[in-house]
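Coordinate-derived values only; no laboratory data. Just so you know, these numbers come straight off a predicted model, no measurement behind them. Because the Cβ atoms are built from the backbone with ideal geometry, glycine has one as well, and the counts that use them run over all protein chains shown.
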Amino acid sequence: MSDSQISTSSHTKASDLLVAALEAEGVEYIFAVPGEENLDVLESLRTSSIELVLTRHEQGAAFMAATYGRLTGKAGVCMATLGPGATNFATPAAYAHLGGMPLIMITGQKPIKKSKQGQFQIIDVVGLFAPICKMSKQIVHGNTIPSLIREAFRVAQEERPGAVLLELPEDIAAEDTDECVLQPHLRHYAVAGDTVLNEAAEMIRSAKMPLLLLGAGANRKHARSALSQFVKDTQIPFFNTQMGKGVVDERSDLFLGTAALSDGDYLHCAIDRSDLIINVGHDVVEKPPFFMEEGGTKVIHVNYKAAQVDQVYFPQVEVVGDLTQSIARLGHILGGPLEFDRSYFHRIKEETDLHTSAGSDDARFPVIPQRFVADTRKVMGDCDIIALDNGIYKIWYARNYKAYQPNTVLLDNALATMGAGLPSAMMAAKLNPDRRVMAICGDGGFMMNSQEIETAVRLGLNLVVTVLNDSSYGMIRWKQSHAGFDDWGLEFNNPDFVQYANSYGATGHRIERTEDLVPVFERAFAAGGVHLVDLPVDYSENQRVLIDELAAKACLI
């Protein structure tokens, strides 16, 4: 037997072999809503070292698993039954696929060798998931389990990370197998060669107004140290995408802002003036922070994989290889601070800081976005984590909330799905019990997976859930108004969120004065456990600040 194999008994049930293979991969948790087709696997898990995290919806399970992958770099694992259980994994699969999060989904299926149930509940799950996964396969024999599990983890975790689906029929799960578990092996990425690094360095030296862009790929691989040193040594101003927040401390004098809007912001004035953008870790899956035009600003692509050429993205130089090592080597070649006129970028920063700080002490009630973002920042420490669902508030947090550490602002700007904020925050809280964690959800997105409050209470998490309450789908309502349509069809009624939270064993709070928000947050974090804060919000500032004011002032400095 080779060193790459782990011995099992001569006749092992396939579900036991599956769980042993997951243990060999270092799996800590399986997030699941099991069905009868998963019962053999469930029994095998009962005596394993893996913790079963039972959720109230398959989406909650898969969003938690995807966030585990996002925060650790190791594939998160979730499990569901066939048919409707499997289809509930579709949105989280797309979330992980577009967001670059390693995720493995295990679904059950009716027996494939002999079945007396006809086509009851049977759909082509493997075919359904193929377009939104890196790999989608059915396990047709127990002896293939070790190699398929090893391949699934390799594919899910290698750049660019994403989702993998394995379907395990119940008759295959119950059969005997005589195979051995395969031991994981280390995988390394090569450093980009000196030829391309020297070419990139020459482009940077020749630039008159270079900018550094930090994207989700830099956040994913914890490249903070190398990138912080690069910024310090070269003194190149930087900005980030929404999913790149916190890679380098945003308190830096060289930080120009986050690309939260598609165009027309102060930051886009700097981008338009720049003649070279060094793009580290961003690809076209996340909403583009700038648009390339032929003959315009040049771009250097620095990432683990080659660029995906698009109408808005066609870099002139590609530095492909280990991102951290490539940036460290590029900084060494450049050798020190670059000589160029930074005065315009400094003015952009001053205007941006003034613009994003305005309204942070506004006492109006219901609370305006500038105030609730500022109050959130007051109660969260450098390493504390906010997890955002999707809505108009995501733009406000991306622009106004400065991140100081990597992966302390968890948001989705790739699929941009609603319903992921609460499960994502739950996973962050489970992995980081010593940090403050806050889920920030619109009332629409919160109600899509609000039942997971019970899961959070049962798991004993310390978590504050802030529900931004405007009794409508606020983002679409804003877009509706901006498009000149009548205000119609997007309002609804909410439950009493305080009673709703209390009914699950959490603690509900209702904000009735703006000045109460910070004290309520502090009391909730001090008390521990799960708290829900019902926060009435006023989004009337959206048009004035994000449209009218920027149109009147941006790019006129």
Exercise. Amide H to amide H, which residues 5 or more places from Gly442 or on other chains are under 5 Å from it, using H placed in the peptide plane?
Worked result: Asp389, Asn390, Leu468
For this session: Report, to the nearest 10°, how far helix 369-379 tilts away from the longest principal axis of the Cα atoms in the chain, using its own Cα long axis and a range of 0 to 90°.
Result: 70
For this session: Name every cysteine in the chain that ends up alone, with no second cysteine's Cβ under 4.7 Å, or say none.
Result: Cys78, Cys133, Cys180, Cys383, Cys441
Exercise. By how many degrees, between 0 and 90 and to the nearest 10, does the Cα long axis of helix 145-157 differ from the longest principal axis of the chain?
Worked result: 0
Problem set entry | Taking Leu354, Leu517 and counting other C-beta atoms within 10 Å, the order from fewest to most | Leu354, Leu517
For this session: Starting from the Cα of Lys287, draw a straight line to each of the aspartates and glutamates and keep only those under 13 Å, dropping any in the same chain fewer than 8 residues away.
Result: Asp263, Asp310, Asp412
Problem set entry | Listed residue pairs exceeding 28 Å between alpha carbons, taken from Lys349/Lys378; Lys298/Lys479; Lys134/Lys402; Lys74/Lys378 | Lys298/Lys479; Lys134/Lys402; Lys74/Lys378
Exercise. Using the count of nearby Cβ atoms within 10 Å as a rough guide to exposure, how do Arg364, Arg70 rank from fewest to most?
Worked result: Arg364, Arg70
Exercise. What are the lysines whose alpha-carbon lies under 20 Å from the alpha-carbon of Lys113, with same-chain residues fewer than 8 places away excluded?
Worked result: Lys13, Lys137
Problem set entry | Value at 222 nm in deg cm²/dmol, rounded to 500, when DSSP H runs of n ≥ 4 in the chain each add -39,500 (n - 2.57) | -10500 deg cm²/dmol
For this session: Compare the Cα positions of Ser262, Gln311, Gly321 along the charge dipole of the chain (+1 at Cβ of Lys, Arg; -1 at Cβ of Asp, Glu; about the Cα centre) and return the one farthest towards the positive end.
Result: Gly321
Exercise. Helix 323-334 versus the longest principal axis of the chain: what angle, 0 to 90°, nearest 10, using Cα atoms?
Worked result: 30
Problem set entry | Linear extension gain, Asp538 paired with Ile50, 0.36 nm per residue minus alpha-carbon span | 171.2 nm
Problem set entry | Local electrostatic count, Phe485, Cβ distance below 11 Å [Lys/Arg +1, Asp/Glu -1] | 0
